[in-house]
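The values are calculated or read from the model by the stated rules, or taken from the named source; none is laboratory data. Since we're looking at a predicted model, the values are computed, not measured. Cβ sites come from the backbone with ideal geometry, for glycine too, and all protein chains shown count toward neighbours. Heavy atoms of the whole protein, side chains included, go into the accessibility calculation; ligands, DNA and RNA do not. Shrake-Rupley method; radii C 1.70, N 1.55, O 1.52, S 1.80 Å.
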Amino acid sequence: MTDPGKVAIIGGGKMASNIVDYLMQYDMSIVWYIRNNAVLDEKKRRIEKKISRLHKVSSDNQENVSGKLERVSVTNRFDDVRDAGIIIECVSEAIESKRAVFNELQGTNALLFSNTSSLPLDSFIPGNMLGQSAGLHFFYPVQLKQFVELNIHNKTGTAVLDKMVQFVRS
């Protein structure tokens, strides 16, 4: 069963980091999957440092600031992302890398979004998953851009598109 209030980000690069930073300002649970342990440890420290800085300078309620850290988890266990309601793939723009991620996601009921900017969705998303998948391309830096590119396949379900638009607008 998927958790509609949980968003998973897959990837340890600059764009994934930027998307996580952006989503942290909202009241949602975020699980960030990073395969490489060294990168994972670096990103955990970065999030903790960011939250610590917020504690010092934020006029926001300190409980709200502390809650941000509790709502973000960084993991190298792929199973930790499977119950998210929305999964955003942010790995390199290489078909094989993206295909490996989506193959690993077989069987999940989540909405599956790729942050691809140039690859056709059906070049890396298995055919049986296209109905629950779409492209959701964030522009860098996410915090300063007021738009995203929505990329759908002709097999993308209308409910997926509706939920994607709702997610982007929230």
Counting sequence-distant residues (5 or more places) and residues on other chains, those with an amide H built under 5 Å from that of A84 are D3
Sum -39500 (n - 2.57) across every DSSP H segment of at least 4 residues in the chain, then divide by the residue count to get the 222 nm mean residue ellipticity, nearest 500. -11500 deg cm²/dmol
Would you mind putting 157-168, 73-84 in packing order, based on average other-beta-carbon counts within 10 Å, highest first? 73-84, 157-168
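Which of rounded, prolate or oblate describes region 104-146 when judged by the alpha-carbon gyration tensor and an a/c cut-off of 1.5?
Values: a/c = 3.19, a/b = 1.91, b/c = 1.67.
Note, shape of region 104-146 comes out prolate.
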Neighbours of L161 by Cβ distance under 15 Å: Lys/Arg at +1, Asp/Glu at -1, summed charge +1
Which residues qualify? For S114, with a placed amide H closer than 5 Å and at least 5 residues away or on another chain, they are E89, A134, G135, L136
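Net charge near N151, counting Lys/Arg +1 and Asp/Glu -1 over other residues with Cβ under 14 Å of its Cβ?
-2
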Express the carbon and sulfur contribution to the solvent-accessible surface of the chain as a percent, rounded to the nearest whole number, probe 1.4 angstrom. 49 percent
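How charged is the neighbourhood of V81? Take every other residue with its Cβ under 12 Å from the Cβ of V81, and add Lys/Arg as +1 and Asp/Glu as -1.
Once positives and negatives cancel, what remains is -2.
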Report the Cα centroid-to-centroid distance between region 1-27 and region 152-170 in angstrom, as an integer. 17 Å
Non-local residues with an amide H under 5 Å from the amide H of V74, with H modelled 1.01 Å from N and Pro and chain starts lacking one, are W32
Note, region 36-41: 3J(HN,Hα) by Karplus (6.51, -1.76, 1.60, θ = phi - 60°), whole Hz, Gly/Pro = x, goes 7, 4, 5, 5, 4, 4
For region 17-25, just list the computed ³J(HN,Hα) in residue order, Karplus coefficients 6.51, -1.76 and 1.60, θ = phi - 60°, integers in Hz, with x standing in for Gly and Pro. 4, 5, 5, 4, 4, 5, 5, 4, 6
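Can you work out the accessible area per residue across the chain, with the rest of the protein chains kept in place, probe 1.4 Å, in square angstrom? Display every interim value, and only then the final one.
Numbers: 9000 Å² over 170 residues.
Here the residues of the chain average 53 Å² of exposed surface.
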Kirkwood Rh in Å, taken over all unlike Cα pairs in region 26-170: 16.6 Å
Let me check against my output: what whole-number percent is the relative contact order of the chain, with C-alpha pairs under 8 Å and at least 6 apart? 22 percent
Over all Cα pairs of region 82-136, how is the pair count split among 10 Å bins, expressed in % and running from 0 up to the last occupied bin? 27, 64, 9
